[in-house]
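Engineer: I'd like to ask you about the structure that follows.
The values are calculated or read from the model by the stated rules, or taken from the named source; none is laboratory data. Not measured: the values here are computed from a predicted model. Reconstructed Cβ throughout: ideal geometry from the backbone, glycine too, with neighbour counts over all protein chains shown. The protein model used for the area step is the full one, side chains on, heavy atoms only, and it has no ligands, DNA or RNA in it. Shrake-Rupley method; radii C 1.70, N 1.55, O 1.52, S 1.80 Å.
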Amino acid sequence: MPYAALLDPASVALKFGFLAVLYLFLMWVARSALKDLRRGVTATELPPDATGMHAASAGLAPEGLDEWEPRLRVEQAMGMRSGDEYDVTGGVVLGRGTLADIRLEDPFASSRHARIVPQGDVLVIEDLDSTNGTYLNGTRLDGPQPLHPGDRIRIGDNEFSFVH
Amino acid sequence: MSARNRELFGLIPAALLVTAGFTAIFIQRSAQVSNVSLTYGALFLGLCLAAHVVVRIVLPYADPYLLPLVAVLAGVGIVMIYRIDDTFARGQVISFLIGLGFFLGTLVFLRDYRVLERYRYLIALGSIGLLVLPRFSGSVNGAYLAIHAGGVTFQPAEFAKIGIVVFLASYLRDTRQVLVMGARRVLGVTIPPLKHFGPLLVVWGAAMLMLFVIRDLGSSLMFFGAFLSILYVATNRLSFVVVGLAMFALGAWAVGTHVPHVHSRIEAWQHPFNRRLYEAQGGSYQVAQLLFAQADGGVLGRGFGQSLLQIPGSSANLLPAPRTDLIYAVIVNEIGLVGACGLLGVYLLIVQRGFKAAVLARDSFSTLLAAGLTSVFALQVFVIVGGVTKLIPLTGVTLPFVSYGGSSIVANFALVALLLLVSDRARRPG
């Protein structure tokens, strides 16, 4: 090709310069994307002392705690898959707000609606002065109540069951 | 560095790319270095800075990377179109200006983009009207994609894609719960009750109708794919996507075997080097030339301005439509696989920023809107780049921000403006 003979070193340099600027720019933007990904991992990492749904494989869980694995099972909830389970060993806050551990997509839920906290060797559910109330087995919560396996918790249209 | 300063910093490489590109083309064309390229780079930077200042005032918390990424694409587009045909570069710059105007207009006048929810049925009707309109205007290569009026060509599908995403986001926000609850599982596949499955069938029917009415596989794939992504984000049910894709494949098969122009596209895709197809009118000539151009570019490309667009000594185009749909092949030819991957990297990062805005958004409508807009954008790039690289049959969709064409640039600027609005609301503290 006669074109090859005309190649000007300056225009070759410019092409590589162009590619270099393009790739440096891409790396600069990608760096922040990677940072986001890393931050995402640490945010969902379980505290080391929690049993955790995924970390509860035999051998790893401390002795005596194997059977104690309290979870909230989704019976029906907006934006959640029925049958999914949330680990509640260390206590959780349910609500519509961003700071809630279990986020409810329900206009009837308050931003911090209810919480489950460990007290001694039981878990206690407590309504956090929500507007529309929290129902435990069909009755509205009035003060903290201990949870038993099979208990049903309803907030708005969302229903969870408590299982061990 | 604060978010807005990061955005400001990111505009510098975009301007550098414009300057370097123009300089290389000038050297190639007239063997001289001219300071005009610096002027062009400076003008481009000035326009981007103006947009940046408005973003700084109106959306202080918006994603800082979207604007620089878009500026890089638009810069590459202007350089490449100038290189292909300098008279069209003027038009491209005007489109870019109008696009920026729309971008800023969207930012300022749609600050609370959630008002769009109120007009969702109007928006849906308008979008479908826009899609059907070209049917009354005459076809280009057998597909009905553009309206020609008074010397101006208008591609309504570019605007319709935004409208349809807005409608779907708003509609699925309300019904997603109904679709999931009361669903039965049969053989591990979730089947929503028929009465709620209805709307999904309607959207599928609309996509199929579109396939028959506008006769373009690519844009139907883009619309239906965006619908399935929004549906997936809204319901978290993979089975909907699987069933939807199967239904789409069925419709595509029917259209591919029964509509002659779609059928010939598929044949050209399967056998681009078949002599009979290569020589046939509207045959595989285009696909074959695209592949030659990309192979000729190689890893590092021939360099700016070095691509052979016309047969020497004649005015016949080697590559049909190099400015619009097939600009990607010219880019591969001139800056090679490395440059093209860089360009795709820019698209990939725009998509990442878009999905990030969707993840951060605090209400369902914003999440669905950002996810849907990002999906439709990503699918558009997929449809055209996939077509040019012979992954899927080639159909006429523009490469966002790079291809020549006013509608495409203006609509995509509006799309990015909506993404910025969502991300600003999502990142606003408190």
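Engineer: In nm, give the distance between the simple-model label positions of residue A:30 and residue A:139, each being 7 Å from the Cα along the Cα-to-Cβ direction.
Structural biologist: The two pseudo-label positions are separated by 6.1 nm.
Engineer: Which whole-number percent is the relative contact order of chain B (Cα, under 8 Å, 6+ apart)?
Structural biologist: Here the relative contact order equals 22 percent.
Engineer: About the Cα centre of the protein assembly as shown, what is the dipole size in debye to 20, counting +1 per Lys and Arg Cβ and -1 per Asp and Glu Cβ, all else neutral? Don't skip to the answer; put the middle values down first.
Structural biologist: Working: 46 positive and 39 negative charges, 320 e Å.
About 1540 debye.
Engineer: Multiplying the sequence separation of residue B:29 and residue B:317 by 0.36 nm and subtracting their Cα-Cα distance, what value in nm do you get? Could the numbers behind the result be given before it?
Structural biologist: Details: separation 288, 0.36 × 288 = 103.68 nm, distance 1.88 nm.
Extending this stretch completely gives an extra 101.8 nm.
Engineer: Quick check: residue separation of residue B:115 and residue B:94 times 0.36 nm, minus the Cα distance between them. What number comes out in nm? Let's see the in-between values first.
Structural biologist: Numbers: separation 21, 0.36 × 21 = 7.56 nm, distance 3.00 nm.
4.6 nm is the gain from fully extending residue B:115 to residue B:94.
Engineer: Follow-up question, since we're still on this one. Which whole number gives the average count of other chain Cβ atoms within 10 Å of the Cβ atoms across peptide A:72-81?
Structural biologist: For this peptide, the per-residue mean of nearby foreign Cβ atoms is 3.
Engineer: Can you give the net charge of the other residues whose Cβ lies under 12 Å from the Cβ of residue B:327, counting K and R as +1 and D and E as -1?
Structural biologist: Details: positive: B:83, B:323; negative: B:85, B:325, B:334.
With Lys, Arg at +1 and Asp, Glu at -1, the neighbours total -1.
Engineer: Considering only the other residues whose Cβ falls under 13 Å of the Cβ of residue B:231, what net charge follows from Lys and Arg at +1 and Asp and Glu at -1? Mind dumping the intermediate values first?
Structural biologist: On the way: positive: B:173, B:176, B:237; negative: none.
Charge balance near residue B:231 sits at +3.
Engineer: Towards the positive end of the charge dipole of the protein assembly as shown, with charges on Cβ (+1 Lys, Arg; -1 Asp, Glu), say which of B:70, B:93, A:28 has the farthest Cα.
Structural biologist: Among B:70, B:93, A:28, the one farthest towards the positive end of the dipole of the protein assembly as shown is B:93.
Engineer: To continue, here is another question. Which ³J(HN,Hα) values, rounded to whole Hz and listed in residue order, are derived for region B:220-228 from phi using the Karplus coefficients 6.51, -1.76 and 1.60 in 6.51 cos²θ - 1.76 cosθ + 1.60 with θ = phi - 60°, glycine and proline given as x?
Structural biologist: For region B:220-228, the Karplus-derived couplings read 5, 4, 5, 5, 5, x, 5, 4, 5 Hz, x marking Gly and Pro.
Engineer: Just grab the label-to-label distance for residue B:359 and residue A:13, each label 7 Å out from Cα along the Cβ direction, in nm (one decimal).
Structural biologist: Reported label-point gap for residue B:359 and residue A:13 is 4.2 nm.
Engineer: Next up: Would you check the accessible area of residue B:132, probe 1.4 Å, heavy atoms only, in square angstrom rounded to 10?
Structural biologist: Surface open to solvent at residue B:132 totals about 50 Å².
Engineer: Continuing with this model, one more query. Partner chain Cβ atoms within 10 Å, averaged over the residues of A:28-37 - can you pull that number for me? Mind showing how you got there, number by number?
Structural biologist: Details: counts 6, 16, 5, 0, 8, 6, 0, 0, 5, 1.
Whole-number average of other-chain Cβ neighbours for A:28-37 is 5.
Engineer: Report the Rg/Rh value for chain B, based on alpha-carbon coordinates and the Kirkwood definition of Rh. Don't jump to the answer; show the numbers that get you there.
Structural biologist: Values: Rg = 21.9 Å, Rh = 22.5 Å.
That ratio equals 0.97.
Engineer: With runs of 4+ DSSP H residues as the only contributors, calculate the mean residue ellipticity of chain B at 222 nm using -39,500 (n - 2.57) per run, divided by the residue total and rounded to the nearest 500.
Structural biologist: Value at 222 nm, helices only, nearest 500: -24500 deg cm²/dmol.
Engineer: What average number of partner chain Cβ atoms lie no more than 10 Å from the Cβ of the residues making up B:19-25? Could the numbers behind the result be given before it?
Structural biologist: Working: counts 4, 10, 3, 1, 5, 9, 2.
What the average comes to for B:19-25 is 5.
Engineer: Additional query: With a 1.4 Å probe and all protein chains in place, put B:48, B:341 in order of accessible area, largest first.
Structural biologist: Working: B:48 10, B:341 65 Å².
Putting B:48, B:341 in descending order of accessible area: B:341, B:48.
Engineer: So, in nm, how far is label residue B:273 from label residue A:81 when the simple model puts each one 7 Å beyond its Cα toward the Cβ?
Structural biologist: Distance between label points: 4.5 nm.
Engineer: Now for a different question. With every protein chain in place, what's the accessible area of residue B:9 (1.4 Å probe, Å², nearest 10)?
Structural biologist: 100
Engineer: Once you have the Cα-Cα distance between residue B:57 and residue B:257, take 0.36 nm times their residue separation minus that, and quote the gain in nm to one decimal. Could you put the intermediate results ahead of the total?
Structural biologist: Numbers: separation 200, 0.36 × 200 = 72.00 nm, distance 5.39 nm.
Here the segment from residue B:57 to residue B:257 would lengthen by 66.6 nm.
Engineer: Continuing with this model, one more query. When Lys and Arg each count +1 and Asp and Glu each count -1, what net charge do the other residues less than 9 Å away from residue A:158, Cβ to Cβ, add up to? Kindly include the intermediate steps, with their values, before the conclusion.
Structural biologist: Numbers: positive: A:154; negative: A:75, A:105, A:106, A:157, A:159.
With Lys, Arg at +1 and Asp, Glu at -1, the neighbours total -4.
Engineer: Name all residues of region A:129-164 having a backbone nitrogen under 13 Å from the label point set 7 Å from the Cα of residue A:112 along its Cα→Cβ direction, giving them as ranges.
Structural biologist: A:129-130
Engineer: Relative contact order for region A:97-155: what is it in percent, counting Cα pairs under 8 Å that are at least 6 residues apart?
Structural biologist: About 28 percent, as a whole number.
Engineer: Per-residue accessible area for residue B:215 at 1.4 Å probe radius, Å² rounded to 10?
Structural biologist: Accessible area of residue B:215: about 70 Å².
Engineer: Can you give the Kirkwood hydrodynamic radius for the protein assembly as shown, in Å, rounded to one decimal and based on Cα pairs? Could the numbers behind the result be given before it?
Structural biologist: Numbers: mean 1/r = 0.0377 Å⁻¹.
Its Kirkwood hydrodynamic radius stands at 26.5 Å.
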